[in-house]
Amino acid sequence: MNGKGGGEEGVAATSSVSPPLDWKFSQVFGERTAGEEVQEVDIISAIEFDKSGDHLATGDRGGRVVLFERTDVKEHGSRRELEKLDYSISRHPEFRYKTEFQSHEPEFDYLKSLEIEEKINKIRWCQTSNGALFLLSTNDKTIKFWKVQEKKVKKVSEMNVDSSQASANGNIPSSCSASPRPCLPNGGCSERPYKYLSSDFKFPPGGFPTLRLPVVASEDASLIARCRRVYAHAHDYHINSISKNRFISSDGETFISADDLRINLWNLEISNQSFNIVDVKPANMEDLTEVITSAEFHPMQCNTLAYCSSKGSIRLVDLRQSALCDNHSKLFEEHETPGTRSFFTEIIASISDIKFSKNGRHILSRDYMTLKLWDINMDSGPVATFQVHEYLRPRLCDLYENDSIFDKFECCLSGDGLRVATGSYSNLFRVFGCASGSSEATTLEASKNPMRRQAQTPARPARSLSSLTRVVRRGSESPGADANGNSHDFTTKLLHLAWHPNENSIACAAANSLYMYYA
């Protein structure tokens, strides 16, 4: 069966398999009314939970970043504290709108006569500090480092003197304080400069009895988003991914950015310099056979990263080997079955997204038709393959003609590593169990009734983890329709989703709407 081993998310072969999760609707932000037209700039293009799961960020095609914060934990205290007290949490995760800001604006490259969209391609959270939130956002060309902090506006509500005694104390009366010249008893103004204290003014013995300290009151706090750094002019091609070095023993100040042909290494504090660590550009562009589609840092090893390509391969790179990592340390690819090659073979083999498991033992990849789970210690092939929408295979020609075959779906893993998820068409997404013996394959719809199109998948015999047998799990395979006979709408696609790092909660984007589910 597929390998899950080591660490907190290792899955042991057990005689009992946990039943499929019962997913329920939690919240929706930006829900459309019937017949409402969706504006292009409002379509969500990126979703990311922070490390704690208490904050969620989304980016859209209009260059905006919207932040949400969790509310149910704040009301009851931290989840870890409640677990120590053996407190049963019956409430599902709840988020609320926190703030939003304009991250990118449309630009024009006059040298290349190229329009640069403001669309947010990726968002990555950085380490919080002093109550401030930090995150990276990128469009096709420029990466920005943002700081979002709560600023409390303070104002003096009471002065240090009694206004009725102000004149007697030699201070300016409040009615005349704004005038550059002193007011006379008859309403006129003196031409000579006003002096706050006359030359013969003397403080009475013991001071003024009405003198007191000013009182400062805090008014409503406001969230301020400030761009700390701009990392520009380092990519000739469109940036497809950014990844923060999250390893706890590293300085936490490095991240990578990848475009079609290069991967650059950055320091957060240095915006005018980056190091090119991977370069697949050939001397002659006619010899180009594949491009980089995504890159990700290893979560536990600061010297290791993985990147995938349009030919369906994943390469593991060790930054200690050389300054320019031309040679990979490991290569993961599945060899095609002889006699099955067609015009679409390479197109649907292109990997659109990769994610490391929490302990770094496994890599999840998404190509057009499948999800694949790889064990980084076994490069002979994936330990499990999940068919996402196999029923579309007879329609690949139609999908090619309307360009849907080039759609790039994201994937995600649960925090415990027991399940994986990815999106499909008609605003559907699939959740698969990857524990030993699990046959879980749930189809959910991004709506208030997620189980509306649920299809039952026949169980299959459990397999031992020790056998490391590659597994293929299939969902419904009715040509052109799901298990319930529903035809699929290729214009409504669920490309972006994220799994809460600590709980069974999924956030997914359907056009301009953000749906959240829990189990």
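Observations on the structure shown:
Table: residues versus (1) out of contact with any helix residue (DSSP H, G or I) (no Cβ under 7 Å at 6 or more places or on another chain); (2) open to solvent by 10 Å² or more (accessible area, probe 1.4 Å); (3) of a type in the set (A, V, I, L, M, F, W, C).
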| residue | (1), (2), (3) |
| --- | --- |
| Ser352 | yes, yes, no |
| Met378 | yes, yes, yes |
| Phe409 | yes, no, yes |
| Thr422 | yes, no, no |
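- For region 228-243, the criterion of being assigned to a strand (DSSP E or B) and under 22 Å from Lys330 (Cβ atoms) is satisfied by at least one residue.
- Candidates Asn272, Asn264 - the one that is modelled with pLDDT under 95 and part of a strand (DSSP E or B): Asn272
- Region 112-133 - residue that is without any contact (Cβ under 8 Å) to a residue 40 or more places away in the chain and in a strand (DSSP E or B) and, of those, most open to solvent (accessible area, probe 1.4 Å): Glu115
- Qualifying residue in region 275-291 (condition: of a type in the set (A, V, I, L, M, F, W, C) and either under 23 Å from Ser380 (Cβ atoms) or under 22 Å from the mean Cα position of the chain (by Cα) (or both)): no
- Residues that are touching a Leu at 6+ places or on another chain (Cβ under 9 Å), modelled with pLDDT of 95 or more and not acidic (Asp, Glu) occur at least once in region 105-122.
- Answer residue from region 25-37, given it is loosely packed, with under 14 Cβ neighbours inside 10 Å and within 26 Å of Glu117 (Cβ to Cβ) and is modelled with the lowest pLDDT among those: Glu36
- Residue match in region 299-306 (condition: more than 28 Å from Phe406 (Cα to Cα), touching a strand residue (DSSP E or B) at 6+ places or on another chain (Cβ under 6 Å) and in contact (Cβ under 8 Å) with a residue 60 or more places away in the chain): yes
- Test for Leu331: is it open to solvent by 40 Å² or more (accessible area, probe 1.4 Å), in a strand (DSSP E or B), among the aliphatic types (A, V, I, L, M) and without any contact (Cβ under 8 Å) to a residue 60 or more places away in the chain: yes
- Filtered residues of region 101-111 (kept if within 26 Å of the chain's Cα centre (by Cα), surrounded by fewer than 17 Cβ atoms within 10 Å (Cβ to Cβ) and within 15 Å of Ala232 (Cα to Cα)): Glu105, Pro106, Glu107
- Qualifying residue in region 153-162 (condition: under 30 Å from Ile256 (Cα atoms) and modelled with pLDDT of 55 or more): no
- Failed condition for Lys355, given (1) over 26 Å from Asn377 (Cα atoms); (2) of a type in the set (D, E, K, R); (3) touching a Cys at 6+ places or on another chain (Cβ under 8 Å): (1)
- All positions within region 303-328 that are of a type in the set (D, E, K, R) and open to solvent by less than 30 Å² (accessible area, probe 1.4 Å): Asp318
The values are calculated or read from the model by the stated rules, or taken from the named source; none is laboratory data. Treat the numbers as computed from the prediction; the structure is a model and nothing was measured. Every residue, glycine among them, receives a Cβ derived from its backbone with ideal geometry; neighbour counts consider all protein chains shown. SASA here: full protein model, heavy atoms, side chains in, ligands and nucleic acids out. Shrake-Rupley method; radii C 1.70, N 1.55, O 1.52, S 1.80 Å.
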